[in-house]
Amino acid sequence: MAEKLTDLLDRMDAGELQALCVLRQLGVTRGDLEVPDQLVPVLLERLNTRLGDPPIAGESDPSLVERIRQEPQPRSRLLRRLLHKLDKEGRWGPSALRAHSLIRGFSEDERGLVREVAEVLVRINWLVQPAGRRVRGESVYALNPDYHREIEHLVETGELQAPAALAHWLGASD
């Protein structure tokens, strides 16, 4: 048996482009409209996701947003907001965001720190700049799917399981 690709994507808690890239790596060709049943668990594992009701577009868990807002440390709050923004927009792997768009939604005072943390995230490989990808001469950034669990854990709990460079940045004074 096989499941229709559109039905599967609707029930997945992951970005469509990310899922299509993994399916391509698994040998599902571009024009296939069905995903073999034996590939569904592999796809879910690689995406670190589950099947369920489709998320409502543009919405996220209000309790998560509130927990991030209540974060007492300004740098940690900013980091979690940035990672949550990129995750919510599905900016994983090949789905990248232009550099100037990283700072959208942050106050003028926070924008310098957003640029700083983006540099740190690039150094620790949580944020990648896809090779050769530029939009109108501007760099683009995406979350590295290899660190999905660590990023999701940090966003949801505020607990840092990250390299020393990020811990050092978080400990720096404003």
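The values are calculated or read from the model by the stated rules, or taken from the named source; none is laboratory data. Keep in mind that this is a model prediction, so the values were computed, not measured. Positions of Cβ are generated from backbone atoms using ideal geometry, with glycine treated the same way; all protein chains shown enter the neighbour counts.
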Taking Glu152 as meeting all but one of (1) more than 19 Å from Leu47 (Cα to Cα); (2) at pLDDT 75 or above, write down the number of the exception. (1)
When you check Arg81 against the structure, is it outside any loop (DSSP other than H, G, I, E, B), without any contact (Cβ under 8 Å) to a residue 12 or more places away in the chain and in contact with a helix residue (DSSP H, G or I) (Cβ under 7 Å, 6 or more places away or on another chain), yes or no? no
Sort through Val42, Val35, Val65 and tell me the only one that's modelled with pLDDT of 75 or more, in contact with a His (Cβ under 8 Å, 6 or more places away or on another chain) and either over 30 Å from Ala99 (Cα atoms) or surrounded by 14 or more Cβ atoms within 10 Å (Cβ to Cβ) (or both). Val65
